[in-house]
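Trainee: The structure is given below, and queries will be raised subsequently.
The values are calculated or read from the model by the stated rules, or taken from the named source; none is laboratory data. Just so we're clear, the structure is a prediction, and the values are computed from it rather than from any experiment. Note that each Cβ is placed from the backbone with ideal geometry, even for glycine, and that neighbours are counted across all protein chains shown. Ligands, DNA and RNA are excluded from the accessible area calculation, which covers all protein heavy atoms including side chains. Shrake-Rupley method; radii C 1.70, N 1.55, O 1.52, S 1.80 Å.
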Amino acid sequence: MIYKIYPLVVFLLLSFGKDSSNTPEVEKATTKSIAKVEKFAVEAKIENIYNTLNSNNFNLPELRTFSEALKGFYLLREKGVVQKDILTLIDFSLSSNTKRLWVIDLATNTILFNSLVAHGRNTGEEFASNFSNSNSSFKSSLGFYATGEVYRGKHGASLRLDGLENGINDHARERGVVIHGADYVSESFIRNNKRLGRSQGCPAIPMELTDEIIELIKNKSCLYIYHPSRSFAMEERLIS
């Protein structure tokens, strides 16, 4: 995994730390040095992946957003919570009038889709700003999700989501927060209303892309919804 690269450097640092003359202060400093090496290795690896993404003529997500999403993906994949090399990234810092959803095949390092996506009606107008994990809030929830099973509801094909962050999105399934298609997620709606339509909290996508995207990302792939309003403490919040 990405967290285990550069073993020689880590080995050398550990060997230094085992010297019998080392004090607790030196050992503590060595541990910090190892952590810095690992962090640098992870960030360098992620930046390399980002710089070699096959965009397929789509716009790229921001590096910061992609980096957060990829770190979470690797951790969840290592835990076995997600099982596909597919990452869906939604950036709710962007205008709803822009294509702010990406589906990325990490096995081939290729962007497969870049699409419009709606946020909840009580999350904001053109821009998303208010989020909730509560029932009947009609607000979007941020964070990491594992995709679930497909069912057919009032919106046609829909994909259930399991929120993976305690207190942030872990009520997603009971709230009925799912990926589904909607006719208000379209360029024509934006032209007529000056902004994209909004959902009851679901990340709704264009009708014409629904079947393809759902079929691709269903059954234990990773979805990450980003917004800069919160600080993500990955190890503390992710459900095991």
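Trainee: Looking at the range 76-132, which chymotrypsin sites (Phe, Trp or Tyr not before Pro) are DSSP coil and have at most 16 other C-beta atoms within 10 Å of their C-beta?
Mentor: Details: sites: Phe92, Trp102, Phe113, Phe127, Phe131; in loops: Phe92, Phe127.
Passing sites in the range 76-132 are Phe127.
Trainee: Ignoring ligands, DNA and RNA, please state the percent of accessible area on the range 43-226 from carbon and sulfur, probe 1.4 Å. The partial results should precede the final answer.
Mentor: Details: 3380 of 7760 Å².
Of the solvent-accessible surface of the range 43-226, carbon and sulfur hold 44 percent.
Trainee: At q = 0.09, 0.16 Å⁻¹, what is the base-10 log of I(q)/I(0) for the range 123-240 according to the Debye formula with one equal point scatterer per Cα and no solvent? Please give it to two decimals.
Mentor: -0.24, -0.77
Trainee: Then there is this: Filter the cross-link list Lys71/Lys194; Lys45/Lys79; Lys45/Lys194; Lys45/Lys220; Lys79/Lys154; Lys139/Lys220 down to pairs whose alpha-carbon distance in this structure exceeds 31 Å.
Mentor: Working: Lys71/Lys194 35 Å; Lys45/Lys79 20 Å; Lys45/Lys194 40 Å; Lys45/Lys220 24 Å; Lys79/Lys154 34 Å; Lys139/Lys220 24 Å.
Lys71/Lys194; Lys45/Lys194; Lys79/Lys154, as the Cα separations exceed 31 Å there.
Trainee: With contacts defined as alpha carbon pairs under 8 Å and 6 or more residues apart, what's the relative contact order of the range 43-226 in percent?
Mentor: Working: 426 pairs, mean separation 44.5, N = 184.
In percent, rounded to a whole number, it is 24.
Trainee: If you project the alpha carbons of the range 43-226 onto the principal axes, what extent comes out on each, in Å, largest first?
Mentor: Cα extents, longest axis first: 41, 33, 29 Å.
Trainee: Take Lys45 and Val150, extend 7 Å from each Cα along the Cα→Cβ direction, and tell me the distance between the two endpoints in nm.
Mentor: About 3.2 nm, to one decimal.
Trainee: Reachable aspartates and glutamates from Lys99, Cα under 12 Å, same-chain residues fewer than 8 places away excluded?
Mentor: Asp91, Glu187
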